[in-house]
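Colleague: After the structure tokens below, expect a handful of questions from me.
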């Protein structure tokens with residue numbers, strides 16, 4: 001079984017400052033890890049994914065995440081927040097060869113002008 | 001590439017009626033489609049998994065006679081909410097996975113259902 005814990009339910013940052021969204025996972029097997037973003041009343045958009053290749057994963061819109069097996073973490077970062085980054089972010093895990101996704105509770109990001 | 005659409009985007013219906021939601025993979029063949037439900041300010045909950053040409057697999061606690069899922073082709077899955085009641089009001093999101101695109105699921109834009 002796998003699960004995800006997003007450590008912050010809400011993150012507020014000023015425009016132009018770094019963003020850090022924390023995620024810890026639990027998985028019995030080698031996991032695949034994803035970050036998705038959801039804007040209000042919209043579906044989910046894939047930001048990036050880790051599937052046992054490079055541990056530092058670069059995604060769209062300047063986001064990146066680092067897989068740290070020793071810490072069972074997959075934190076999402078962006079060096080400079082933009083107003084358009086205000087949204088809900090989900091950290092997601094699936095086990096190897098299991099296509100079911102387990103979602104974290106989500107982190108709401110607000111960006112102050 | 002890997003675009004998933006849903007129709008309708010928003011539907012309001014009377015209690016006791018049935019509502020059909022369509023999920024289509026526009027530029028790839030989806031071997032597996034998933035249906036999720038999302039309550040306000042909450043995460044997504046998987047309702048069922050469907051493979052083309054076979055019966056859907058429902059998650060524990062999801063009534064299969066209430067939420068009928070049909071995956072008749074590699075690009076279309078439908079979710080029918082039968083005899084809808086106000087507590088069925090929610091945001092329903094589908095996703096699709098294609099074997100040749102790996103394990104990534106591509107999500108539709110969601111359907112907002114309001115049952116009066």
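The values are calculated or read from the model by the stated rules, or taken from the named source; none is laboratory data. Remember, it's a predicted structure, so these values are computed and weren't measured experimentally. So basically every Cβ, Gly included, is an ideal-geometry build from the backbone, and we count neighbours across all protein chains shown.
Colleague: Tell me, which strands (runs of 3 or more DSSP E) wholly within the range A:51-94 include 2 or more residues that are closer than 27 Å to residue B:40 by Cβ? Show your work before the answer.
Modeller: Working: elements: A:56-58, A:64-68, A:73-78.
Those strands (runs of 3 or more DSSP E) span A:73-78.
Colleague: While we're on this one: For the range B:97-116, which residues satisfy the criterion of being within 11 Å of another protein chain (Cβ to nearest Cβ) and part of a strand (DSSP E or B)?
Modeller: Within the range B:97-116, B:97, B:106, B:107, B:111, B:112 meet the criteria.
Colleague: Follow-up. So how many residues does the range B:1-36 have that are modelled with pLDDT of 95 or more, assigned to a strand (DSSP E or B) and in contact with a helix residue (DSSP H, G or I) (Cβ under 9 Å, 6 or more places away or on another chain)?
Modeller: Final tally of qualifying residues: 1.
Colleague: What about residue A:42, is it modelled with pLDDT under 95 and either part of a loop (DSSP other than H, G, I, E, B) or under 19 Å from residue A:113 (Cα atoms) (or both)?
Modeller: When the stated conditions are applied, residue A:42 passes them.
Colleague: Restrict the check to the range A:34-52 and report whether at least one residue is crowded, with 20+ Cβ neighbours inside 10 Å and more than 13 Å from chain B (Cβ to nearest Cβ).
Modeller: Looking for residues that are crowded, with 20+ Cβ neighbours inside 10 Å and more than 13 Å from chain B (Cβ to nearest Cβ), one finds none in the range A:34-52, hence no.
Colleague: Moving to a separate point now. For the range B:67-86, give me each residue that is outside any loop (DSSP other than H, G, I, E, B) and touching a residue at least 24 places away in the same chain (Cβ under 8 Å).
Modeller: Result: B:67, B:69, B:71, B:76, B:77, B:78, B:79, B:80, B:81, B:86.
Colleague: When the range A:53-72 is examined, which residues are found to be surrounded by 14 or more Cβ atoms within 10 Å (Cβ to Cβ) and either within 11 Å of chain B (Cβ to nearest Cβ) or on the phi < 0 side of the Ramachandran plot (or both)?
Modeller: Passing the criteria: A:57, A:59, A:63, A:64, A:65, A:66, A:67.
Colleague: For the range B:76-96, which positions are within 14 Å of chain A (Cβ to nearest Cβ) and under 11 Å from the mean Cα position of the chain (by Cα)?
Modeller: Within the range B:76-96, B:91, B:92, B:93, B:94, B:95, B:96 meet the criteria.
Colleague: Sticking with this structure for a sec: Does residue A:28 meet the test of being surrounded by fewer than 14 Cβ atoms within 10 Å (Cβ to Cβ) and farther than 24 Å from residue B:109 by Cα?
Modeller: When the stated conditions are applied, residue A:28 passes them.
Colleague: If we scan the range A:1-18, do we find a residue that is in a loop (DSSP other than H, G, I, E, B), surrounded by fewer than 16 Cβ atoms within 10 Å (Cβ to Cβ), touching a strand residue (DSSP E or B) at 6+ places or on another chain (Cβ under 6 Å) and within 13 Å of chain B (Cβ to nearest Cβ)?
Modeller: Looking through the range A:1-18, none of the residues is in a loop (DSSP other than H, G, I, E, B), surrounded by fewer than 16 Cβ atoms within 10 Å (Cβ to Cβ), touching a strand residue (DSSP E or B) at 6+ places or on another chain (Cβ under 6 Å) and within 13 Å of chain B (Cβ to nearest Cβ).
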